[in-house]
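This report refers to the structure that appears directly beneath it.
The values are calculated or read from the model by the stated rules, or taken from the named source; none is laboratory data. If you're wondering where the values come from, they're calculated on a predicted model, not measured in any experiment. All Cβ positions, glycine included, derive from the backbone under ideal geometry; neighbour counts span all protein chains shown. Keep in mind that these areas ignore ligands, DNA and RNA; they rest on the heavy atoms of the full protein, side chains included. Shrake-Rupley method; radii C 1.70, N 1.55, O 1.52, S 1.80 Å.
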2 protein chains.
Amino acid sequence: MKIGFIGLGIMGKPMAKNLLTAGFSVKVFNRSKDSVKELVSLGAIEGKSIADTAKDVDVLITMLPDSPDVKEVMLGKDGVFENTQGHFLYIDMSSIAPRASQEIGKKLLEKDIHMLDAPVSGGDVGAIAGTLSIMVGGEEEDFNKAIPLFEAMGKSHTLIGKLGSGNTCKLTNNLIVAASMAALAEGLVLAKKTGTDMTKVIEAIRGGSAGSNVVDTKSKKMIEETYIPGFKIDLHIKDLRNALKTGEEVNSYMPLTKLTLEMLESLSRDFKMGNDDHTAVYKYYLSRSED
Amino acid sequence: MKIGFIGLGIMGKPMAKNLLTAGFSVKVFNRSKDSVKELVSLGAIEGKSIADTAKDVDVLITMLPDSPDVKEVMLGKDGVFENTQGHFLYIDMSSIAPRASQEIGKKLLEKDIHMLDAPVSGGDVGAIAGTLSIMVGGEEEDFNKAIPLFEAMGKSHTLIGKLGSGNTCKLTNNLIVAASMAALAEGLVLAKKTGTDMTKVIEAIRGGSAGSNVVDTKSKKMIEETYIPGFKIDLHIKDLRNALKTGEEVNSYMPLTKLTLEMLESLSRDFKMGNDDHTAVYKYYLSRSED
């Protein structure tokens, strides 16, 4: 199976590597060329341009920051759609707005390009280890074709529903994570301010009804105030904005998403912490709790 | 060891039973006498009054609804303090305000009554099974004396710190649970409104960063809209109010607690659902998301 892969960032580069390791032929493209060189040294073919990377492939994959990037690469003047014969499977693994996935997918069908939206969770650690959770929207037939690729990159892949629902699922995931993170910070700061041992509190509650992956993996980072990413605040902001936009389209009540977005936006804007880990929401709580 | 036990509600009754089963001598008191009869048939002694129940005990335990109830029983005119020789260990296992625990404990010391605050999590299911998580505040020496009792009622017991910190820990637990519950509802309603299969979304996210005990145990109840308690909304309201009160005393920033309290208060007041399970926050979200 011949694969084109566009976007070799923190996530895309290890994902493309895992496809190579699994024995697929992979042609790669990235704006910054260091990643391209690294992948070529591992057996990848260098795409000369976006259009060239999408030429004669069975499957094209993109892993890009946000909706406008995916639109530009796929539908822009020098993009895939304008310069292809079509007839292949396109998998967008970026985390973007569900509506954007649907719009792009509809346009691509004119050249018989079938699209799946397949955002992932698990971060760079999961991307490197090939243990991502992959949430997929699209047609079942297309999903089945993509399974060997998903198996090379992830530990699980779930077909949620029609195109866009992979991203809806990801937004749900990330709004729950944002609120869980803020709740943990709110509880820890209450403990701290009352002079209660935060580590003991976590020890006492982690096995019970308040237990979660966020409590298990993030409380130590908060208590120690180390905010090395992990998951960057600016990327979480993007997801929460997409979640709110999606919620507005369908009139969904989203006060926690609004509130946690404001916290992260303040950290990015006022604290210049956009590139720090989202656990820094604890710092935001501390700053709002000063006597 | 001779134990007095006051408060045989949904939680207190099975907890007292487990003490009997473990071989302790237990004298019980409750306003409604059906529970008393049941316990007596299992070998408990009937306390004639609050004062009588606290007479000649090594340990007195209370399991009552809120701070005013504990104050009344311990410090009221017909209560324990006014009618006792003192010199015993007192364990309040109610979930009350940390400040109230500290005030009561300070007064009781005048008669050499040592107090532990030891609220529990795990619900009626955990109380019956003897698998409660017990969060304890007080002196280590007193905690050590109480361990055989905690072992009869719970699966874990953690000394958090000084008197009141058991309740601070419990409030932290319950504010995290409230926010996690609302976040789950917010995510599910977004999925529902966009026409996304909620069960598939849960399946895809539960093993990842958004995974939690709340997601595991509460999402099905929300999706099926069954709100049988479980944990009653009015009791969760009490905990969140105590959390906010505690937060105000120490100037702790608690916007999620405020927001989720408003949701639960509306369910109790406007929807008359105070006796339903707190998963009904999903219903609140649905009602706020109508077109």
Keeping to region A:27-49, report how many residues are within 15 Å of residue A:9 (Cα to Cα), acidic (Asp, Glu) and either touching a helix residue (DSSP H, G or I) at 6+ places or on another chain (Cβ under 8 Å) or open to solvent by less than 70 Å² (accessible area, probe 1.4 Å) (or both).
1
In region B:164-203, residue nearest to the chain's Cα centre (by Cα) [restricted to those that are under 28 Å from residue A:158 (Cα atoms) and more than 7 Å from every other protein chain (Cβ to nearest Cβ)]:
B:181
Expected output for region A:42-59 (first residue at positive phi, partner of a type outside the set (A, V, I, L, M, F, W, C) and open to solvent by 20 Å² or more (accessible area, probe 1.4 Å), Cβ below 7 Å, 6+ apart or cross-chain) is A:56/A:2
